[in-house]
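Presented below is the structure to which this report refers.
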Amino acid sequence: MAPSLSSIRSHHVAVIGAGAAGLVAARELRREGHSVVVFERQKQVGGTWIYTDHVEPDPLSVDPTRPVVHSSVYATLRTNLPRECMGYRDFPFVARSGDQRRFPSHGEVLAYLQEFAKEFAIEEVIRFETAVERVAPATEGGNGKWRVESTEKEKRVRRDEVYDAVVVCNGHYIEPRLAEIPGISSWPGKEMHSHNYRIPEPFKDQVVVLIGNSASAVDISRDIAGHAKEVHVAGRSNPADTFIKQPGYSNLWMHSMIELVNKDGSVVFQNGQTILVDVIMHCTGYKYHFPFLETNGSVTVDDNRVGPLYKHVFPPELAPWLSFIGIPWQVVPFPLFELQSKWIAGVLSGRIMLPSKEDMMEDIKSLYATLEAQGIQKRYTHRMGIAQFEYNDWLATQCGCPGTEEWRKEMYLTTGVRKRAKPETYRDEWEDHHLISQASQDFSLYTH
């Protein structure tokens, strides 16, 4: 039975982060009648989409005392999804002034997020340049309230406040994961993580190895190839004998994984090739990292599995007063954040019911058992890929709103096929014009 309007409750909610997840979380929470404070350590909205030419002094980003740079975008980065597919569902990501391309630059995505924040007056609830130091249950026995301790940089103000609920939207492109390479401690070359890559010019005349199979390895290898002497990409999922010259380049090769490195500067691949190398760049992704969060062990990160989380959002022990947005990866992020936000907002107000703690734990255990039976490692717990649409539709059903549009699914799938077939040109050549016109028809409902 649906709760009556009079029983719908309004809560005071802290949102950690004003990137693409935190912005839509704030909008949905306020739409549902909650009061919201958003904490953002940077001086503007946009999170990972804010480009800076600053990089961390530690190129591998392993020093825990390092000043952390909260961006991983590089100068030439363009989206790997078409803009129609990428935007929030009721605020279309259409070309305005600036970069008109269908797969635009990071700057265009940032401008879109800024417009979204302006359109829905979100900035008025954001505390900029404010770092969250600690989030912990306000009392023993967990009656749901949370203490949030924060520091405002400019005024040097420390605050210690109590909120009914906390929504964690701090992103997961900051704390790098590194590949393990036999012999690396005595290898004399330079190592770095793609988090600290910005421009290709410093690699002029160098021999560079990139490790990784993801979008960043593919794109950065091509970005660097115009300047470097040679570029070699080592992929863990490539067969052991892989040694392929990439078409269109005279100096770009694809290899199997690195076997070992030597103190004479050489790198030996599993395919038997040995090459003298100047730089190894880890394009090996990131770790989930919540240094401010204290849950007495109710939420842990184990081999990049954040858990236990019901539907990747609510820890059963602490639900619904603690939730996470944006944990799934290999997804179309913004619409997924939007649906997660609607769900959280409705659950907090009492309009949408969660199962019992026990039933939520059972659901999580059965997910873990399924992954294990399929031989999928823990670190892929939150990787969705094609399963995201079923997940989105489940969220939409909970919220009583429409599921993912058919054109959006098809656009995602056809882009994936073209990206694998033509990594050089897929951003500028396409055939899915019928999907673009279906998207445009939908968008006409939301002209702004």
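Given T404, T415, which one is among the hydroxyl-bearing types (S, T, Y), in a helix (DSSP H, G or I) and either open to solvent by less than 30 Å² (accessible area, probe 1.4 Å) or within 26 Å of H106 (Cα to Cα) (or both)? Sole residue among the options that is among the hydroxyl-bearing types (S, T, Y), in a helix (DSSP H, G or I) and either open to solvent by less than 30 Å² (accessible area, probe 1.4 Å) or within 26 Å of H106 (Cα to Cα) (or both): T415.
Condition check ((1) closer than 28 Å to P320 by Cβ; (2) at pLDDT 95 or above; (3) touching a Gly at 6+ places or on another chain (Cβ under 8 Å)) across all residues:
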residue: A26; (1), (2), (3): yes, yes, no
residue: E32; (1), (2), (3): yes, yes, yes
residue: V36; (1), (2), (3): yes, yes, no
residue: V45; (1), (2), (3): yes, yes, yes
residue: V69; (1), (2), (3): no, no, no
residue: G87; (1), (2), (3): yes, yes, no
residue: F93; (1), (2), (3): no, yes, yes
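Looking at the structure I just gave you, is I386 exposed (fewer than 13 other Cβ atoms within 10 Å of the Cβ), part of a helix (DSSP H, G or I) and not hydroxyl-bearing (S, T, Y)? Yes: the conditions hold for I386. Among the residues of region 308-320, is there at least one that is within 15 Å of G22 (Cβ to Cβ), of a type in the set (V, I, T), open to solvent by less than 10 Å² (accessible area, probe 1.4 Å) and not in a loop (DSSP other than H, G, I, E, B)? No, that holds for no residue.
All conditions in (1) of a type outside the set (A, V, I, L, M, F, W, C); (2) buried (at least 16 other Cβ atoms within 10 Å of the Cβ); (3) in contact (Cβ under 8 Å) with a residue 24 or more places away in the chain hold for K409, with the sole exception of (3). If you filter region 222-257 down to residues that are touching a Gly at 6+ places or on another chain (Cβ under 9 Å) and within 20 Å of W187 (Cβ to Cβ), you find that the one that is surrounded by the most Cβ atoms within 10 Å (Cβ to Cβ) is A234. Number of residues in region 133-191 that are part of a loop (DSSP other than H, G, I, E, B) and of a type in the set (A, V, I, L, M) equals 5. Would you mind stating whether H312 is closer than 30 Å to P200 by Cα and out of contact with any Gly (no Cβ under 7 Å at 6 or more places or on another chain)? Judged against the criteria, H312 is not a match.
Of the residues R78, R89, the single one that is farther than 20 Å from P291 by Cβ, in contact with a helix residue (DSSP H, G or I) (Cβ under 7 Å, 6 or more places away or on another chain) and among the basic types (K, R) is R89. Taking the listed residues S71, S97, S105, the one that is out of contact with any Pro (no Cβ under 9 Å at 6 or more places or on another chain), surrounded by fewer than 16 Cβ atoms within 10 Å (Cβ to Cβ) and not aromatic (F, W, Y) is S97, with no other qualifying.
The values are calculated or read from the model by the stated rules, or taken from the named source; none is laboratory data. The shown structure was predicted, so the numbers you read here are calculated from the model rather than taken from an experiment. For neighbour counting, all protein chains shown are included, and Cβ atoms are generated from backbone atoms with ideal geometry for every residue, glycine included. Note: accessible area is taken over every heavy atom of the protein model, side chains too, but ligands, DNA and RNA are not part of it. Shrake-Rupley method; radii C 1.70, N 1.55, O 1.52, S 1.80 Å.
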